[in-house]
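Everything on this sheet refers to the single structure shown next.
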There are 2 protein chains.
Amino acid sequence: MHISLTETAAALKAVQRIVITAHVNPDGDAIGSSLGLMHALKALGKEVQVFIDDDIPAAFSVLPGYELIGKPAEGQSIPADLLVAVDVSLDRIGKVAEAVKAPTLNIDHHITNDDQADKLYLDGTAAATAEIIYQLIEELDVPCTQDMAMCLYTGIALDTGWFRFSNTKPRTMQVAAALLSCGAQPHVISEALEQRPLSEVQSLAFALQKIEILADGKVAGICLDNADLQEHEAPEGLIGMVRVIEGVDIAFTLKEKEPGLCRVSLRSKGIDVTKIALQFGGGGHVRAAGCSIEKNCAEARNDLIKAILQVVEAES
Amino acid sequence: MHISLTETAAALKAVQRIVITAHVNPDGDAIGSSLGLMHALKALGKEVQVFIDDDIPAAFSVLPGYELIGKPAEGQSIPADLLVAVDVSLDRIGKVAEAVKAPTLNIDHHITNDDQADKLYLDGTAAATAEIIYQLIEELDVPCTQDMAMCLYTGIALDTGWFRFSNTKPRTMQVAAALLSCGAQPHVISEALEQRPLSEVQSLAFALQKIEILADGKVAGICLDNADLQEHEAPEGLIGMVRVIEGVDIAFTLKEKEPGLCRVSLRSKGIDVTKIALQFGGGGHVRAAGCSIEKNCAEARNDLIKAILQVVEAES
């Protein structure tokens, strides 16, 4: 059931024990929104826990509260009055769904949200869920602290590609300006999130030699099989390097994280890449989507490229 | 002579024929500020020309008015009532200084400005000169158009590393929000400025193999001699790849653009790199500076590394 921002604030005020969760394979917006909301609800005197059913990349330890994020154990039961799922549909919260048997409140900006929660606040015009959380904090009348600001600025910055993507709206920037006033330190965030070991920079050089160009240069991608990834740690942000090649509309990376399990990232400059990701049970945004394919690298590559070329052909 | 923003606006309103210039080796802020101001002054009915004594990278053709930027010819004389130098001290405008014999108005945000212009509006708290130009446009009471907004957003985005650097202040973001409202399209700007040929991505892989690590990992850099650069075009943004290596405080690149002429870029996470750049007649900001060294690659490398290590030692 869709509710308003005011009703969302009221639903949070009405309960005491709150568990916050987000999607598996969490990104900056999922983590930043979860922690930003946690700090705000704690300031209201609530008992708040964040559980995400995945490992949280260590780079996010720059975010205040990082160390408080739990991962549900098999069969664990977590008592709560309310389960708040941010930046996600309920079907992508993993084991948290079984661990927390409580009414559900869903806060999201993905227009693909499945509307399965008891209550849903969806704002598809927000660049990031963190942008919504800031408005919610204002609605809750909680003073925005530096801890909240650091978390929420991170969510907005990462979901807008640092204010580059077309989802960057005046309101996005106004919220970011307010977060700076509350003490967000973009250079601290960016330096922490962009740090990479020398070995990873060197593995980037390796990966860049594997770029493949398809569809007359409209599509470019890099496939790394499990053997490659055993030898060279997969560099973060690799897809960004592919995306900037002149003439490329769709960029992809395919990484065989485990033998027979490939994670795919898709970026575009125009074509709706959710059309590709949805075919493999994934999701995302028009210009940034992802999915997993349970096949080995060569087979997954074939399936993915076929799907990409079909979409490219349909668009041209 | 230092003047106020209001006096700057009055000085512009008082004249008819205006030449705008910026520094040689112009960056996004120099180009964006020049063009943004040009559009605003044209809207006021002024006769405005932009002259920069350098080639303007083709990527900036995304900026409205790019094609109007002139380069002064040897011995050319350009009539004007006022020469406006933006984002620069007067000593770095090249041949424009001889070509335009007119009173000078200088608008800048570099605290290293040499204060040699007839009139100087300096705001060292501004993240970019483009941020000042936006305030000037408001002061001039010119409605901000999409053309102006595209140019000024570019200047701000590039001088703040897309809202990452510590110079990103609430006012910076508020100006950026206003520019979005005026029609700035960050995705168009970023996609244009970040495009690179496949060959350049491949040359990046080459360059990354040349990373050298110094001072127990506090310093990292890449030197490309003229032979390297003949074979592999120097990739833009290379220094950004060095800067993110864990533990590195000072990152540098040294490119022997012509035999015996090296261009140096310096970035830091804390140490003031102008202390290094100034030793070689360059300049910049605490965290981003540059200079040229008129020696071959090996000699310039020795001089540069000596200067860097001295500064690192003095700081530790």
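The values are calculated or read from the model by the stated rules, or taken from the named source; none is laboratory data. Please read all numbers here as calculations on a predicted model, not as lab measurements. Every residue, glycine as well, gets a Cβ built from its backbone with ideal geometry; the counts of neighbours run over all protein chains shown. Just the protein is used for accessible areas: all its heavy atoms, side chains included, with ligands, DNA and RNA removed. Shrake-Rupley method; radii C 1.70, N 1.55, O 1.52, S 1.80 Å.
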Is the shape of the stretch B:4-148 rounded, prolate or oblate, going by the alpha carbon gyration tensor and its root eigenvalues a ≥ b ≥ c, with a/c under 1.5 for rounded and a/b larger than b/c for prolate? rounded
Sorted from shortest, what are the nm distances separating the label point of A:Ala59 from equivalent points in the other copies, each placed 7 Å from Cα along Cα to C-beta? 2.0
7 Å along Cα→Cβ, label-point gaps from B:Lys210 to other copies, nm, shortest first: 2.6
Identify unpaired cysteines across chain A, taking unpaired to mean no other cysteine Cβ lies under 4.7 Å from the residue's Cβ. A:Cys151, A:Cys223, A:Cys262, A:Cys291, A:Cys297
Report relative contact order for the stretch B:5-194 in percent, whole number only (criteria: Cα-Cα under 8 Å, sequence separation at least 6). 25
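On average, how much accessible surface per residue is there in the protein assembly as shown, in Å², for a 1.4 Å probe, leaving out ligands, DNA and RNA?
Normalised by residue count, the accessible surface of the protein assembly as shown is 39 Å².
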Considering only B:Asn167, B:Asn226, B:Asn302, give the residue with the highest GNM mean-square fluctuation for chain B, with springs between Cα atoms whenever their separation is below 10 Å. B:Asn302
Given H placed on each backbone N at 1.01 Å, which residues far from B:Tyr121 in sequence or on other chains put an amide H within less than 5 Å of it? B:Ile3, B:Asn106, B:Ile107, B:Asp108
What are the ³J(HN,Hα) values, in whole Hz, obtained from phi via the Karplus relation 6.51 cos²θ - 1.76 cosθ + 1.60 with θ = phi - 60°, for each residue of the stretch B:118-135 in sequence order, with x given for Gly and Pro? 4, 9, 10, 10, 10, 10, x, 8, 6, 5, 8, 4, 4, 5, 5, 4, 4, 5
If a/c stays under 1.5 just call it rounded; otherwise compare a/b with b/c (prolate if a/b is bigger, oblate if not). Do that for chain A, with a ≥ b ≥ c from the square roots of the Cα gyration tensor eigenvalues. prolate
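Let me check I've understood the local charge: for A:Asp228, count other residues with C-beta under 12 angstrom from its C-beta, Lys and Arg +1, Asp and Glu -1. What total comes out? Spell out each step's value before the answer.
Values: positive: A:Lys210, A:Lys255, A:Lys257; negative: A:Asp225, A:Glu231, A:Glu233, A:Glu256.
Result for the neighbourhood of A:Asp228: -1.
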Take a quick pass over the stretch B:5-194 and tell me how many lysine pairs come in under 28 angstrom between Cα atoms, counting only ones 8 or more apart or on separate chains. 20
In the protein assembly as shown, carbon and sulfur make up what percent of the accessible area (probe 1.4 Å)? 48
Comparing B:Met241, B:Met148, B:Met173 in a Gaussian network model of chain B (Cα, 10 Å), the one with the largest mean-square fluctuation is B:Met241
Hand me the tally of lysine pairs in the stretch B:198-315: alpha carbons under 18 angstrom apart, and the pair either on different chains or 8 or more positions apart. 11
At most 14 other Cβ atoms within 10 Å and a DSSP loop assignment: could you name the GluC sites (Glu not before Pro) in the stretch B:21-101 that fit? B:Glu74
Helix B:198-208: angle to the longest alpha-carbon principal axis of chain B, degrees 0 to 90, nearest 10? 50
State whether the stretch A:198-315 is rounded, prolate or oblate according to the following rule on the C-alpha gyration tensor (a ≥ b ≥ c being the square roots of its eigenvalues): a/c under 1.5 gives rounded; otherwise a/b larger than b/c gives prolate, and the remaining case gives oblate. oblate
Using a 7 Å offset from Cα along the direction of the beta-carbon, what are the separations from A:Ala10 to the same position in each other copy, nm, ascending? 5.7
Rounded to the nearest 500, what is the 222 nm mean residue ellipticity of chain B from helices alone, with -39500 (n - 2.57) per DSSP H run of 4+ residues and division by all residues? -11500 deg cm²/dmol
So how much accessible surface do A and B hide from each other in total, probe 1.4 Å, in square angstrom to the nearest 100? 3600
